[in-house]
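S.K.: Before we start, here is the structure in question, set down as structure tokens.
The values are calculated or read from the model by the stated rules, or taken from the named source; none is laboratory data. Nothing here was measured: the structure is a model prediction, and the numbers come from that model. Cβ atoms come from the backbone with ideal geometry, glycine included; neighbour counts cover every protein chain shown.
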Amino acid sequence: MLVQNATQIMTLDEFTVHQLRLFPHATGELSHLLRDIGLAAKRISADAIKAGLVGVLGEAGLRNVQGEDVKKLDVLANEQLIAALRKGVSCAGVGSEESDQVLIFDDHKSNQSKYVVLFDPLDGSSNIDNNISVGTIFGVYRRTTAPGSPATDADFLQPGTRQVAAGYVLYGTSTMLVYGTRRGVNGFTLDPAIGEFCLSHPDITCPSNGNTYSINHGNFFQYPAGVRHYITDIQRWNEFNPDSYTERYVGSMVADLHRTLLKGGLFLYPGTKERPEGKLRLLYECNPFAFLFEVAGGLATSGPSRILDIIPTKLHQRTPLFIGSKEMVTEVSSYL
Ligand code: AHM
Ligand code: MG
């Protein structure tokens, strides 16, 4: 599926312009916004590949040899996204997993913008010290308030079904930006030689079934009975049908879900006895992925409800998550 011929390669900018041509009434604001996120992603990627040099470049919280404050990568990633979106022309404000409150830009330019963005700037950041893939996750919403005035808190507390676009950036063996609108999901790989995201995975669809399940098995006895039954049943199935299912858990959601999106499978982060709502955040983590998986043909549920239908009541709300191939999500749902 990788596009091999250099003359056929389409950059992210070219792709979004191409999409615009298909919709003559589109204003281009969303394309600008994706370009801004792409720019921040390139900067974060440049910082992420140096993460292992922390001992050389200096510890977070201290000053480096150039006399600059050294920041943790998740703080840097947050700042890069805010800076790119504030400077752009398409975003009236942001909500970030790193910040307690939303940040409403409230200047003349931003108040004309019709979108707000919710993001997790660097998900899985506890993995950075071990050189394991991490990622950025984002969801884009059209404001409920009319452009011309500052965004309000209500603009950020919309159900995921109202997202106009969502995506993620995976800082892995290569850096990839995957984003989707209702028209489809496409993946772009950063070509470091030219510093551009290039279309490498056009029209991504999630296989309707898979054989991989992804869960933190260490919490097994903390999970609800239905989840334990499901896991036990698929392991029993393997007893007589070897290799029917296999378990893969990076513990970095963007990496686990990127694999699940491309190859099929099921990712589960259930509630536990300790944390009935689970760990993952509805607005920054679950909604963007739920949107992408549904557009790509998969499903996402909290158990009682489709993820995208949940009406958020607070910014940092958490929800259990079962997401992946349609058939596997349907099957696990019957146990919940
Ligand atoms: P974070 O937002 O604090 O980085 O936590 C989210 C991460 C996900 O990437 C990952 O799927 C999950 O936490 C792993 O949690 P656990 O270690 O409980 O399995
Ligand atoms: Mg996170």
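S.K.: Please enumerate the residues belonging to the stretch 203-246 that are loosely packed, with under 15 Cβ neighbours inside 10 Å and within 23 Å of the chain's Cα centre (by Cα).
M.R.: 203, 205, 208, 217
S.K.: I'd like to check something: does the stretch 276-288 contain any residue that is farther than 29 Å from residue 131 by Cα, at pLDDT 95 or above, away from ligand 2 (no atom under 16 Å from the Cβ) and outside the structural domain of residue 117 (by the TED database)?
M.R.: yes
S.K.: Could you list, ordered by first residue, the pairs with Cβ atoms under 8 Å in which the first is in the stretch 283-297 and under 17 Å from residue 102 (Cβ atoms) and within 16 Å of ligand 1 (Cβ to nearest atom) and the second is in a loop (DSSP other than H, G, I, E, B) and of a type in the set (Phe, Trp, Tyr), at least 6 apart or interchain?
M.R.: Qualifying pairs under 8 Å: 283/156.
S.K.: Answer yes or no as to whether residue 311 is assigned by the TED database to the domain that holds residue 217, at pLDDT 95 or above, surrounded by 18 or more Cβ atoms within 10 Å (Cβ to Cβ) and outside any helix (DSSP H, G or I).
M.R.: No, not satisfied.
Residues checked against (1) touching a residue at least 12 places away in the same chain (Cβ under 8 Å); (2) within 16 Å of ligand 1 (Cβ to nearest atom):
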residue: 225; (1), (2): no, no
residue: 260; (1), (2): yes, yes
residue: 263; (1), (2): yes, no
residue: 305; (1), (2): no, no
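S.K.: Could you look through the stretch 106-125, keep only residues that are away from ligand 2 (no atom under 15 Å from the Cβ) and under 22 Å from residue 281 (Cβ atoms), and pick out the one that is farthest from the chain's Cα centre (by Cα)?
M.R.: Among them, the one singled out is 115.
One line per residue, one yes/no per condition, for (1) within 28 Å of residue 193 (Cβ to Cβ); (2) at pLDDT below 80; (3) surrounded by 21 or more Cβ atoms within 10 Å (Cβ to Cβ):
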position	(1), (2), (3)
7	yes, yes, no
37	yes, no, yes
46	yes, no, no
67	no, yes, no
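S.K.: So, in the stretch 69-126, of the ones that are within 16 Å of ligand 1 (Cβ to nearest atom) and either among the β-branched types (Val, Ile, Thr) or under 16 Å from residue 32 (Cβ atoms) (or both), which residue ends up surrounded by the most Cβ atoms within 10 Å (Cβ to Cβ)?
M.R.: 81
S.K.: What number of residues within the stretch 105-134 satisfy the criterion of being under 21 Å from residue 157 (Cβ atoms), of a type in the set (S, T, N, Q) and not in a helix (DSSP H, G or I)?
M.R.: 1
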